[in-house]
Amino acid sequence: MFKKIALGSAALIASTCMAFAETNLRLSDVLPEGNFMVENAKTFAAAVEEATDGDVKISVSAAGSLGFKGPDQLNAVRDGLVDMADINISQQVGSNALFGAEGVPFLVSSMEELKDYHAYLRPEFEALFEKYNQKLLYMVPSPAQYVYLKTKVETIEGFEGIAVRGADKNTVDIITAIGMDGIVMPWGELLPALASGRVEGVATSATSGVDGRFWEFLDYIYPTNHTWGSNAVTVNLDTWNAIPAEDRAAIEKVAADLEPGFWQVSRDSDLASIATMKENQMTLVPISDALKAEIIAQAQDVQAKYFARVPAAKPIAEAYLASKGSN
């Protein structure tokens, strides 16, 4: 009898220890279900659970269901209001302007160049996130950027005065320099603003165009590719340090292994999203070389003002440009 009680107690203790060993993390995402960033986060969560033998489980909450808007995500993780988040980096410029260093207009012309830029930029972002009490696990760029409008535009004068939403200050500065009336607005406020006519256009990626079913509001797609931006999945540093070392190592390996594939998902999502919008009667309008040159010329002042306002960003960009010139 005593032996049975002892064995039962031992099993109970072992079961209790296993329960305490399990770590359950909440990951906040403001993007809707089906968005490739959300799907990436879910793929990451499943891989982490497998790599840690179930010790670490991540639940992904999409569409802002935890109550945070895009610009809130950084501080929500910092303060432990949520364990993890999929953060639009450029939307955090209100906390630190260096978060906008990726979105300098026309500094980077392709995703391949963005990868080269990240070699210099990512260590700065890692240090910056650490100042906000979190660890950067992986970064994934949004696809190429477009401007979506109701009207067809063939000259730079045609953009004049159109109210266009941008997700961050850099984007709004660029579209304002071109002549549009740029408005910073979180994603959660965009669709009602389009429906009411408060905004008449949007500057964003193709995947967001599909997420927002832009064909219900807008007709034309302009491939301006004016800037780049990435999302970062981060975890609260206190939470991270409480995870056993072997699980932390496994999570870091999962993040490093999956990130290149997530970049490819972004590339593929761009092409698929443009095709979807065309199927829904939106028109992709090629930008002439002359118009593109005018847009770039108008944006040069925005670039200069950004570096004047955020001097810490300039040596990062210069290092990238120097390496580009030497290749």
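Residues that are in a helix (DSSP H, G or I), in contact with a helix residue (DSSP H, G or I) (Cβ under 7 Å, 6 or more places away or on another chain), over 21 Å from Pro286 (Cβ atoms) and among the aliphatic types (A, V, I, L, M) within region 116-160 comprise Leu121, Leu128, listed in sequence order.
Counting only helices (runs of 4 or more DSSP H) that sit wholly inside region 211-327, those with at least 1 residues that are surrounded by 13 or more Cβ atoms within 10 Å (Cβ to Cβ) and touching a strand residue (DSSP E or B) at 6+ places or on another chain (Cβ under 7 Å) are 237-242, 245-279. Among the strands (runs of 3 or more DSSP E) confined to region 13-115, the ones with at least 3 residues that are of a type in the set (S, T, N, Q) are located at 23-28.
For region 52-101, filtering for residues that are crowded, with 24+ Cβ neighbours inside 10 Å and of a type in the set (Ser, Thr, Tyr) leaves 1. Have a look at Lys115, Lys169 and point out the one that is modelled with pLDDT under 95 and open to solvent by 10 Å² or more (accessible area, probe 1.4 Å). Answer to the selection: Lys169.
The values are calculated or read from the model by the stated rules, or taken from the named source; none is laboratory data. Given the structure is predicted, the values throughout are model-derived calculations rather than measurements. A quick note on method: Cβ atoms are made from the backbone with ideal geometry, for glycine too, and the neighbour counts reach across all protein chains shown. Ligands, DNA and RNA are stripped out before the accessible areas are found, and what is left, the full protein with its side chains, is counted by its heavy atoms. Shrake-Rupley method; radii C 1.70, N 1.55, O 1.52, S 1.80 Å.
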